[in-house]
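Heads up: the structure comes next, in structure tokens.
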Amino acid sequence: MKSIRTSILLLLTLVLAAIVTVSAQESPQASAVASSDLSPGVPAIIKMHQSGVPSDMIIKAVQSSGGPRTLTPNDLIALKGANVPDEVIRAIAGQPQQNAAPAPNPAAISPSAAAPTKPSPPMDLRSVRRIYVENMPADLDQYIRAEITKKFKGRVLVVLKPEDADAVMVGTGDHKTGVGAAVTGRWLGLHDTASGAVSLVDKGGTVVLWSSEAGDRSLWWGALKRGGPRKVADRLVHNLKDAMGM
């Protein structure tokens, strides 16, 4: 009985010695894989995992630091041997290449991008159909809007937003009030009691399409003739209509 126990003990000792020998033979190989022929950053990933760093933090660290962009077979063996989670390995292997630029698709290149665009010719005054009138002193802008609507009869429209217009009318006006101005101006016709100067410019404000100025003085009819900003607007819009050939 004693000899049987001795034999069993001897057998177990031999098996344990064999396991230790095999482990000693495999350890240099595993160490060699872990220390050489690995992509930059892989040893750091293994060390973070062995130190207990959570997987999501490992992934963020690799992405922010520009870690390995591709994994070699030795990298995969080392990572799996260190029990690095699969989601970490997949995240590393799935990162886009920083230096890899997609080849341009010739079919996606539009003709406008391939050839330089030519500047569009300036708008012609006769092609203007929608006008935005900016605010002017002495309420001249209100009278001009009314006169455009009345004289052009729908062939040219007044819009209330500059982005909807073909051209923008800008200008200034002046209206003298008081008894002295009325007597010498409106009654005697010696000077204008109201005047205005306007310009029609393109939407970009780079080209002046038309300009004119007018006053309200009347030499023949004096006080019987309508004067003031309304008369100035009437004459300005009449000039515009003639210039547009309507």
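Brief remarks follow.
- With respect to the conditions (1) at pLDDT below 90; (2) in a helix (DSSP H, G or I), E163 lacks only one, and its number is (1).
Yes or no, residue by residue, for (1) of a type in the set (D, E); (2) assigned by TED's automatic domain parsing to the domain that holds R230; (3) crowded, with 20+ Cβ neighbours inside 10 Å; (4) out of contact with any Lys or Arg (no Cβ under 9 Å at 6 or more places or on another chain):
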{"site": "M136", "(1), (2), (3), (4)": "no, yes, yes, yes"}
{"site": "D141", "(1), (2), (3), (4)": "yes, yes, yes, yes"}
{"site": "V158", "(1), (2), (3), (4)": "no, yes, no, no"}
{"site": "K161", "(1), (2), (3), (4)": "no, yes, no, yes"}
{"site": "A167", "(1), (2), (3), (4)": "no, yes, yes, no"}
{"site": "T172", "(1), (2), (3), (4)": "no, yes, no, yes"}
{"site": "H175", "(1), (2), (3), (4)": "no, yes, no, yes"}
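Yes/no per residue for (1) outside the structural domain of T206 (by TED's automatic domain parsing); (2) over 30 Å from D242 (Cβ atoms); (3) at pLDDT 80 or above:
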position: E87; (1), (2), (3): yes, yes, yes
position: N99; (1), (2), (3): yes, yes, no
position: N105; (1), (2), (3): yes, yes, no
position: A108; (1), (2), (3): yes, yes, no
position: K118; (1), (2), (3): yes, yes, no
position: Y132; (1), (2), (3): no, no, yes
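The values are calculated or read from the model by the stated rules, or taken from the named source; none is laboratory data. Source: prediction; values computed, not measured. So basically every Cβ, Gly included, is an ideal-geometry build from the backbone, and we count neighbours across all protein chains shown.
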